[in-house]
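Enquirer: Sharing a structure, written as structure tokens. Questions coming.
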Amino acid sequence: MSDDADRLRELGKQLPFDRPDHERREAVRSSLLVAATQTEPSTARKRWLLAGGGFAAGALAAAAIAVVVVSPREPAAPIREAHARIDAPPTANLEHTVTATTTGTDEVVRVRAGVVRVAVPEVKRGDRVRMQTADAEIEGTGAYEVAVVDDRLERVTVSEGSARVKVRVQGEQQHVFLSAGQTWRPKIVTADIALTPPAPDREPSSDDARPAPADKPGVDDARPAPADKPGVDDVKPTKQVAAPPSAPTTVPKSSPARVPDVSSTEPEPVRMPAVTTLDVAKASVKQPSPTEQHFQAGWALLRAGKAHEAAVELGAAADAGGDDPLATDARYFQAVALVRAGDGNQAERVLVAFLDRAPHSLRRGRAAILLGKLLRDRGDTKSARAWFESAQTDADPAIAAAAKAHLDALAPPR
Amino acid sequence: MVPLRRLDERLAGLAEISDEALLAACGVGDSAALGALFDRYHEAVYRLVSRLIRSESYEIDDLVQTTFLEAWRAAKKYSARGSVKSFLFGIAANTVRHYVRSAKRRRDAYADWPAPLPGGSPDEAAQRAQELKRLAAALEELPHDLRTAYVLCDLEELPGVEAARVLGIRAGTLWRRLHEARRALREAIDPTGGAR
């Protein structure tokens, strides 16, 4: 390799790139895992089916060509059919495109001005239907209305189903999950962010499992809250509130004795479709399972500060779900709710059950630390140490570091 | 109440599992393996994608997520002829290519990129900043195929044979693209030819 090429490569490696911060990474990770649970990996059998299908499609194509050649010419049908039903006034400035992707179709309604209502039925895997503005993207199933002024999102109102909004406010990207009956305005959230004080650092204690007095700025501020969340107007109060991705666990650099709030972990987003019929389009929506219903109810209660009731609902979700990953998460959050409710003994039992039944859960490390803290607070430092040590091998470096910080904070073993 | 040893062993095992084993676990539907794979390679994929296409952060997020989701779907097709990283990079490159072709969108050419941390004297730092700016602009102007070859081979240091395979092109074609990309970028950095 010549010096020129080396120099060019060296210079190229200094080019900055879009490095995601922890919250953004966690949001993508959570979204990815949710999508993966809804998507089965392809199998050899499917490949054979695909190959067989390919031969069949080839034969059909040949037959179709023969028919076209010998038959009179007719208007061609559209290759890609749009999923979205759009209802917009003549004054609205929008553009509707459908393009092919590797997985299906990507349907984009680009809105620059006006109030546009769109109804989206459930689409097959790989297909996407999105509304876009210069600063935001909305994707959902059901019916929702978007108001746009000067190419900026002013408001999103979901009347049926659910929608996910990704918006950039003051240079920060936010993710908002809305369900039927909710309205969201980015400007109000921006004001709230400016007024919200940052959460102070705290010394490690069992209070770590208690709800924070104020939400941290960032993605968390964009969460739809059951009733008390600024920026989200509940047109119809509902328990169908989507949960946000996991809160990050950070390790304080200044003091090893300070440990992150591992029990503030929150579940990945779960979309909750509506069950009523659509006015604009007959979109089919899926009825949530009992596990999902209990989980959402429990989550909403937890957010509302009703820890006792949340623990009951989350326990019901865990019992109803069997080996469902959502049930596993429910078990973990049941323990969090019990800690918040002050029932440490029951929380210990639930955490042990969780750790025993979920050997591959991504929340193992957090659960081990939470259990260790409970044991430490009631004086069982030997057991606490063992759990902290087990969390030191967590795949998430932040969790492992938090476990180490807890170990360092403990008195040395005799 | 003390954890059993087997739990520690499981955790340690998950941390030490090979890339190939993680991908194989993805193939049988183990989403924890997908999470571990994401943890290992998300930064590399972010770096690759954001250098292949200049776009909004949420679009980069989408492309990265699509890459890992495609890897999840295609995990059983992984032949182990190349590394898992190459496998992921191939999917990412193709995902971006499809996106560029279908969307036909372009952003301001690196105008809002933050300036790199300067080093050395102020004059040297200023010169390097200028070169980086020119390089970034030139990279943006490169045809997508040439940019992909340069980013994969020179910046991500993927072996040429693997890069050609994951892109579905012949090795000779890759080298030609890489040569053209380097020449264009060298000219952009130093139009007077001083860098040659």
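Values quoted throughout were computed directly from the atomic coordinates according to the rules given, and no laboratory measurement underlies them. This structure is a prediction, so every number in the text was calculated from the model and none was measured. Here the Cβ positions follow ideal geometry from the backbone for every residue, glycine too, while neighbour counts run over all protein chains shown.
Enquirer: For region B:11-98, what is the Kirkwood hydrodynamic radius in Å, using each pair of distinct C-alpha atoms?
Expert: 13.1 Å
Enquirer: Dividing the Cα convex hull volume of region A:289-414 by residue count, how many Å³ per residue is that?
Expert: Considering the Cα atoms of region A:289-414, their hull volume per residue is 96 Å³.
Enquirer: Could you pull out the pairs from A:Lys382/A:Lys404; A:Lys13/A:Lys166; A:Lys124/B:Lys76 whose alpha carbons sit more than 18 Å apart here?
Expert: Violating the 18 Å Cα-Cα cut-off are A:Lys13/A:Lys166; A:Lys124/B:Lys76.
Enquirer: Which whole-Hz ³J(HN,Hα) couplings does region A:314-323 yield from phi under the Karplus relation 6.51 cos²θ - 1.76 cosθ + 1.60, θ = phi - 60°, glycine and proline marked x?
Expert: 5, x, 5, 4, 5, 5, 7, x, x, 8
Enquirer: Roughly how crowded by other chains is peptide B:130-136, in terms of the mean Cβ count from those chains within 10 Å of each of its Cβ atoms?
Expert: Mean inter-chain Cβ contacts per residue within 10 Å come to 3.
Enquirer: Shifting gears a bit: For A:Lys124, B:Lys85, what's the fewest-to-most ordering of other Cβ within 10 Å of each Cβ?
Expert: A:Lys124, B:Lys85
Enquirer: Given 0.36 nm per residue, what is the gain on full extension from B:Ser83 to B:Arg40 after removing their alpha carbon distance, in nm?
Expert: 14.1 nm
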